[in-house]
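Step one of this worksheet: look at the structure below.
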């Protein structure tokens, strides 16, 4: 059985991945590989990983989120995580995961605005 793929959208130089389903180990690894390949192919300057629909993470998924952020950063892509629910934030802290180069925003709209401001892309309210 093929694992479910998470869609990755491109808006300007920013990629958006909104996780709407429970990630199992195989689909999570596929997601990481897909994201990194898409960053490479598009030369994306920013990546938003929207976790609004994620209400539980285990140590594997938590570490994978941390790894994605670190790997994307090494590729020159700024990472913003949006929509963290309280239980997910608590779990990430309790697991001792650090995300030193990652920005966070309350929702996808605020995360997109944050990255657009940083890159000076149109649509961020500047002229």
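The values are calculated or read from the model by the stated rules, or taken from the named source; none is laboratory data. Note that the coordinates shown come from a computational prediction; the quantities given were computed from them, not determined experimentally. Backbone-built Cβ (ideal geometry, glycine too); neighbour counts: all protein chains shown.
Laid out as a table, the results:
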| read-out | value |
| --- | --- |
| Verdict on residue 57 being modelled with pLDDT of 90 or more and either farther than 15 Å from residue 9 by Cβ or loosely packed, with under 15 Cβ neighbours inside 10 Å (or both) | no |
| Cβ-Cβ under 6 Å pairs, at least 6 apart or on other chains, the range 38-56 side at negative phi and without any contact (Cβ under 8 Å) to a residue 24 or more places away in the chain, far side in a helix (DSSP H, G or I) and surrounded by 17 or more Cβ atoms within 10 Å (Cβ to Cβ) | none |
| Qualifying residue in the range 45-55 (condition: within 15 Å of residue 17 (Cβ to Cβ) and out of contact with any helix residue (DSSP H, G or I) (no Cβ under 8 Å at 6 or more places or on another chain)) | yes |
| Within the range 101-112, considering residues that are in contact with a helix residue (DSSP H, G or I) (Cβ under 9 Å, 6 or more places away or on another chain) and more than 20 Å from residue 38 (Cβ to Cβ), the one surrounded by the most Cβ atoms within 10 Å (Cβ to Cβ) | 105 |
| One residue from 93, 79 being under 11 Å from the mean Cα position of the chain (by Cα) and either outside any helix (DSSP H, G or I) or farther than 27 Å from residue 116 by Cβ (or both) | 79 |
| Per-region count, the range 1-21, residues out of contact with any helix residue (DSSP H, G or I) (no Cβ under 7 Å at 6 or more places or on another chain) and free of Cβ contacts under 8 Å to residues at least 24 places away in the same chain | 4 |
| Subset of the range 14-54 that is at pLDDT 95 or above, surrounded by fewer than 18 Cβ atoms within 10 Å (Cβ to Cβ) and assigned to a loop (DSSP other than H, G, I, E, B) - its residue that is nearest to the chain's Cα centre (by Cα) | 45 |
| Filter result for residue 65 (touching a strand residue (DSSP E or B) at 6+ places or on another chain (Cβ under 8 Å) and more than 23 Å from residue 117 (Cβ to Cβ)) | yes |
